[in-house]
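Trainee: Sending over a structure as structure tokens; questions will come in a sec.
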Amino acid sequence: MVAPRALGVLLLLLLAPGEGDSTSSYEKPRNVCQGFIGMNQYEDFDLNRTAGCFSKCTRSQEELCHLGNLQRYWLNFETYLVERSQTDTMNTSFLTALVKSINTSVSEDLYFSLTPSQIPKQVTKDEYQHADRVRLPKSLFGSLKSGGPMVRLGIIILDVGLGNVFKGSLLSREDGSSVLNNRMVGLTLGHINVTELAEPLEITFSHQYQPPNMNLSCEFWDAKKGSSGDWSSKGCSTEVGVHRTVCRCDHLTFFALLLRPILDEAAVKALIHISQAGCGASMIFLAFTIVLYAVLRFSRQRFKSEDAPKIHVSLSISLFLLNLAFFINVGRGLKGSNATCWARGAVFHYFLLCAFTWMSLEAFHLYLLVIKVFNTYFGHYFLKLSLVGWVLPALIVIGTGIANSYGPYSIRDEKNVTTLKLCWFHEKTALYVTVHGYFLVVFLFGAVILSLVSWKIFTLSSATAGKEKGQHWKGVLTLLGLSCLVGLPWGLALLTSLAPFTAYVFALFTSLQGVFIFCWFIVLYCPGQSNVTASSGTARVDHAHTVSHE
């Protein structure tokens with residue numbers, strides 16, 4: 001009797017789900033992460049098993065997951081909560097949700113908190129109490145009056161984990177891209193499609209800091225993009241703050257704040273190697289420039305009184321010391337005491353400012369040579385330039401040091417692993433003012449002067465076009481040399497956020513600036529005077545009135 005009874009139990013287990021339906025909800029794929037195609041099962045058992053795919057669907061097991069099905073599952077669940085669920089709140093380890101009926105005649109904007117691990121709730125307008133929140137404009141609900149006096153609003157906070165679900169093509173774990181805190185915020189009115197809002201909604205995401213090599217951007221999940229959906233920023237704007245970022249979008253769906261590296265770990269290492277190789281070559285040629293000037297000063301009497309070579313050599317010295325400080329700073333990392341790190345950051349800052357200052361002095365001297373033209377008497381001219389070139393940066397560094405702005409500086413990847421350590425700034429305001437702001441002034445000044453010089457050179461070459469062949473080429477080469485003196489290649493720093501390629505170009509050109517200066521010095525001062533004067537109008541003026549009055 002045991003065998004027939006066991007057989008009967010087995011038959012009951014096989015027949016119980018069917019009741020004549022061979023496609024019941026219990027016939028599911030053995031691997032739940034392939035998704036339930038055409039089904040919307042949202043019981044606790046199904047939700048928890050599907051949420052497990054957030055961590056299971058990694059790149060090493062991607063063939064076992066159907067990302068498109070999984071992503072549609074959660075998008076449909078958002079609608080299910082609003083239109084068919086009997087519950088108004090949910091609180092699980094991976095999802096919190098609020099469903100609320102809203103009067104379409106509301107008289108003011110609505111605010112809801114988005115505090116992590118807490119169920120969203122309606123709050124008053126309070127900027128500081130709720131760092132994470134959403135603001136829905138009253139005009140949104142006013143535009144729905146024709147559909148009835150009430151609408152059902154669903155707000156979902158979904159933890160998507162570290163896997164590949166809701167990552168798309170923009171987020172690659174290899175380059176450090178990620179969703180901030182792995183959280184997505186879903187806003188829905190069920191099947192009511194809300195797009196092109198006259199007044200955008202606002203979602204505020206809080207964060208402790210913005211990593212120095214990361215870019216924050218507000219994105220929404222576009223289910224129609226690609227084969228299984230992807231992130232998009234269409235209709236959204238991003239307002240990045242120190243501790244919070246505000247996203248403004250003109251539609252309802254799932255939103256997130258994406259962190260994408262301006263430079264990933266591999267790029268940082270590659271740029272360091274390029275910079276070190278370039279700085280090494282630059283230091284060698286800068287040393288050649290300094291030695292050549294010393295030889296010419298003792299062999300040619302006019303070098304003792306001319307100011308242009310002195311300015312070129314002063315720039316060469318500042319760049320040589322800057323490259324040396326760079327090698328020491330990057331090579332030693334954060335070794336040593338806090339005081340030593342503070343000193344290394346200050347020294348590196350000082351020589352960087354010296355280099356910028358001497359570039360601007362090159363531009364000023366160029367203005368006197370080419371634009372003003374007529375001899376102008378300056379008592380102790382080079383001495384005054386030296387005071388500006390070496391003392392002004394020192395005063396800035398002293399002020400920055402008093403504000404205690406120097407310290408450890410790190411760039412980290414998505415796993416919080418440090419990819420670069422050096423002693424630099426730990427206070428961003430001082431960095432922006434004394435480095436970024438200072439450089440911007442120097443760059444703009446040099447660009448204006450070089451533009452005027454370009455006009456002067458090509459005007460002169462046009463006037464003598466019939467007398468000398470190749471005058472335009474000489475003018476172009478002259479401008480390339482002058483652009484290195486006034487530091488225009490450093491302007492590529494303004495473009496590094498547009499594409500990774502510009503970062504490599506910037507590292508190459510700035511680290512090789514010393515090589516270009518040496519070539520310029522050779523062309524300008526080593527040939528005979530007749531060759532120099534024939535080379536360019538700038539060189540001719542350069543030798544005409546750069547006598548120091550000391």
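Trainee: Restricting to the range 119-131, name every residue that is at pLDDT 90 or above and open to solvent by 90 Å² or more (accessible area, probe 1.4 Å).
Mentor: Passing the criteria: only LYS121.
Trainee: Within the bounds of the range 73-85, is there any residue that is of a type in the set (S, T, N, Q), modelled with pLDDT of 80 or more and open to solvent by 80 Å² or more (accessible area, probe 1.4 Å)?
Mentor: Checking the range 73-85: not a single residue is of a type in the set (S, T, N, Q), modelled with pLDDT of 80 or more and open to solvent by 80 Å² or more (accessible area, probe 1.4 Å).
Trainee: Going by the structure shown, is PHE303 under 20 Å from PRO489 (Cβ atoms) and either buried (at least 16 other Cβ atoms within 10 Å of the Cβ) or out of contact with any Phe, Trp or Tyr (no Cβ under 7 Å at 6 or more places or on another chain) (or both)?
Mentor: Numbers: under 20 Å from PRO489 (Cβ atoms): no; either buried (at least 16 other Cβ atoms within 10 Å of the Cβ) or out of contact with any Phe, Trp or Tyr (no Cβ under 7 Å at 6 or more places or on another chain) (or both): yes.
No: the conditions fail for PHE303.
Trainee: Among the numbered conditions (1) over 25 Å from LEU366 (Cβ atoms); (2) surrounded by 19 or more Cβ atoms within 10 Å (Cβ to Cβ), tell me where THR289 comes up short.
Mentor: (1)
Trainee: Within the range 214-225, work out how many residues are open to solvent by 30 Å² or more (accessible area, probe 1.4 Å) and under 13 Å from GLN71 (Cα atoms). First the steps, then the outcome.
Mentor: So in the range 214-225, the residues open to solvent by 30 Å² or more (accessible area, probe 1.4 Å) come out as 215, 222-225.
Then keep just the ones that are under 13 Å from GLN71 (Cα atoms); that gives 222-225.
Final tally of qualifying residues: 4.
Trainee: Look at VAL165 and say whether it is closer than 23 Å to LEU136 by Cα and either at pLDDT 85 or above or not basic (Lys, Arg) (or both).
Mentor: Working: closer than 23 Å to LEU136 by Cα: no; either at pLDDT 85 or above or not basic (Lys, Arg) (or both): yes.
The answer is no for VAL165.
Trainee: State yes or no: is TYR111 at pLDDT 70 or above, surrounded by 12 or more Cβ atoms within 10 Å (Cβ to Cβ), of a type in the set (Ser, Thr, Tyr) and closer than 23 Å to LYS224 by Cβ?
Mentor: Details: at pLDDT 70 or above: yes; surrounded by 12 or more Cβ atoms within 10 Å (Cβ to Cβ): yes; of a type in the set (Ser, Thr, Tyr): yes; closer than 23 Å to LYS224 by Cβ: no.
The answer is no for TYR111.
Trainee: Restricting to the range 236-268, name every residue that is at pLDDT 90 or above, outside any strand (DSSP E or B) and either open to solvent by 30 Å² or more (accessible area, probe 1.4 Å) or among the aliphatic types (A, V, I, L, M) (or both).
Mentor: ASP250, LEU252
Trainee: If you don't mind, another one. Please work out which residue is most open to solvent (accessible area, probe 1.4 Å), limiting yourself to the range 318-354 and to residues that are in contact with a Pro (Cβ under 7 Å, 6 or more places away or on another chain) and in a helix (DSSP H, G or I).
Mentor: Looking only at the range 318-354, we keep the residues that are in contact with a Pro (Cβ under 7 Å, 6 or more places away or on another chain), and these are 334, 341, 350, 353-354.
Restricting the remaining residues to those that are in a helix (DSSP H, G or I) gives 341, 350, 353-354.
On the way: CYS341: 7, TYR350: 51, LEU353: 0, CYS354: 0 Å².
So, considering only residues that are in contact with a Pro (Cβ under 7 Å, 6 or more places away or on another chain) and in a helix (DSSP H, G or I), the one most open to solvent (accessible area, probe 1.4 Å) is TYR350.
The rows are residues; the columns are (1) open to solvent by 20 Å² or more (accessible area, probe 1.4 Å); (2) at pLDDT below 85.
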{"position": "LEU444", "(1), (2)": "yes, no"}
{"position": "SER461", "(1), (2)": "no, yes"}
{"position": "ALA465", "(1), (2)": "yes, yes"}
{"position": "LYS469", "(1), (2)": "yes, yes"}
{"position": "HIS472", "(1), (2)": "yes, yes"}
{"position": "VAL476", "(1), (2)": "yes, yes"}
{"position": "LEU479", "(1), (2)": "yes, yes"}
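Trainee: Moving to a separate point now. Under the condition of being farther than 14 Å from GLY154 by Cβ and of a type in the set (Gly, Ala, Ser), which residue from the range 90-108 is surrounded by the most Cβ atoms within 10 Å (Cβ to Cβ)?
Mentor: Quick first cut of the range 90-108, residues farther than 14 Å from GLY154 by Cβ only: 91-94, 103-108.
In the following step, the residues that additionally are of a type in the set (Gly, Ala, Ser) were identified as 93, 105, 107.
Details: SER93: 9, SER105: 11, SER107: 7.
Only one residue tops the list, namely SER105.
Trainee: Go through the residues of the range 291-311 one by one and say whether even a single one is modelled with pLDDT of 90 or more, closer than 30 Å to GLY399 by Cα and either part of a helix (DSSP H, G or I) or basic (Lys, Arg) (or both).
Mentor: Looking for residues that are modelled with pLDDT of 90 or more, closer than 30 Å to GLY399 by Cα and either part of a helix (DSSP H, G or I) or basic (Lys, Arg) (or both), one finds at least one in the range 291-311, hence yes.
The values are calculated or read from the model by the stated rules, or taken from the named source; none is laboratory data. Since the structure is predicted, the reported quantities are computational estimates derived from the model, not experimental observations. Backbone-built Cβ (ideal geometry, glycine too); neighbour counts: all protein chains shown. Please note that ligands, DNA and RNA were not included when accessible areas were found on the heavy atoms of the full protein model with its side chains. Shrake-Rupley method; radii C 1.70, N 1.55, O 1.52, S 1.80 Å.
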